[in-house]
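Chemist: Handing you a structure now.
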């Protein structure tokens with residue numbers, strides 16, 4: 001295969017590091033994509049088949065998956081369908097990579113559950129842009145876009161938080177927790193869901209750990225009155241809401 005279109009690897013605009021699983025059986029392309037992801041600040045995981053990908057996902061739920069359509073054994077299309085049929089993986093962003101250029105194939109890939117579709121050969125710049133766009137849409141808490149909610153503002157790039165115009169100091173876990181809630185407002189999340197999103201589902205810690213960090217976050221926000229934005233929903237979990 002002509003790899004010329006894949007060799008424009010260069011430092012990309014760095015987001016917060018995402019775990020990205022690359023499911024690609026052509027080793028040269030797999031290595032080039034992985035190198036680019038590393039240079040972009042991400043942590044690539046690799047698999048050469050759908051079955052290997054499923055094994056990798058058992059160990060660590062990635063933030064995004066790049067899936068080649070043509071894979072040995074189970075196709076990439078069937079892998080996407082399987083991932084979308086399970087609760088644990090149904091919300092993981094997926095981008096399909098394929099040499100198929102027909103509109104019908106593109107629609108089939110999207111209808112299977114993929115969030116985006118890139119035809120080969122593609123430029124690394126295009127891949128970076130697509131990854132950034134999908135992460136911004138499906139997993140905004142792992143991008144570096146500044147977030148504003150009511151009188152709270154958070155900048156991941158500088159790791160600064162302001163409440164009612166006053167800068168507040170947060171520990172790394174409280175910062176990640178606040179970032180998650182500010183990018184997922186008005187929805188209730190259980191302790192298990194919060195652990196999966198903020199700590200990662202591969203980390204095994206007590207659910208009550210969430211309560212400890214919620215208390216610390218509220219304590220830091222209390223002087224500004226922004227602690228009221230973070231509500232406890234009895235029997236369900238927590239949510240960040242403008243209604244209180």
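Chemist: Can you tell me which residue among 66, 79, 60 is under 16 Å from the mean Cα position of the chain (by Cα), modelled with pLDDT of 90 or more, under 26 Å from residue 143 (Cβ atoms) and surrounded by 13 or more Cβ atoms within 10 Å (Cβ to Cβ)?
Modeler: The match here is 66.
Chemist: Let me ask something else about it. Consider the stretch 33-48. How many of its residues are crowded, with 18+ Cβ neighbours inside 10 Å and out of contact with any strand residue (DSSP E or B) (no Cβ under 7 Å at 6 or more places or on another chain)?
Modeler: So the answer is 2.
Chemist: Please tell me if residue 136 is closer than 24 Å to residue 93 by Cβ and free of Cβ contacts under 8 Å to residues at least 12 places away in the same chain.
Modeler: yes
Chemist: Kindly establish whether residue 217 is surrounded by 17 or more Cβ atoms within 10 Å (Cβ to Cβ), touching a strand residue (DSSP E or B) at 6+ places or on another chain (Cβ under 8 Å) and closer than 26 Å to residue 17 by Cα.
Modeler: yes
Chemist: Further question on the same structure: Can you find even one residue in the stretch 36-51 that is in a loop (DSSP other than H, G, I, E, B), at pLDDT below 90 and over 20 Å from residue 196 (Cα atoms)?
Modeler: yes
Chemist: If I ask for residues that are out of contact with any strand residue (DSSP E or B) (no Cβ under 6 Å at 6 or more places or on another chain) and in a loop (DSSP other than H, G, I, E, B), which ones from the stretch 55-72 would you list?
Modeler: Pass one, the stretch 55-72, residues out of contact with any strand residue (DSSP E or B) (no Cβ under 6 Å at 6 or more places or on another chain): 55, 57-61, 70-72.
Answer for the stretch 55-72, where residues must be out of contact with any strand residue (DSSP E or B) (no Cβ under 6 Å at 6 or more places or on another chain) and in a loop (DSSP other than H, G, I, E, B): 60, 61, 70, 71, 72.
Chemist: Of these, 73, 41, which one is in the same structural domain as residue 136 (by TED's automatic domain parsing) and more than 15 Å from the chain's Cα centre (by Cα)?
Modeler: 73
The values are calculated or read from the model by the stated rules, or taken from the named source; none is laboratory data. From a predicted model like this one, the values you see are computed outputs, not experimental measurements. So basically every Cβ, Gly included, is an ideal-geometry build from the backbone, and we count neighbours across all protein chains shown.
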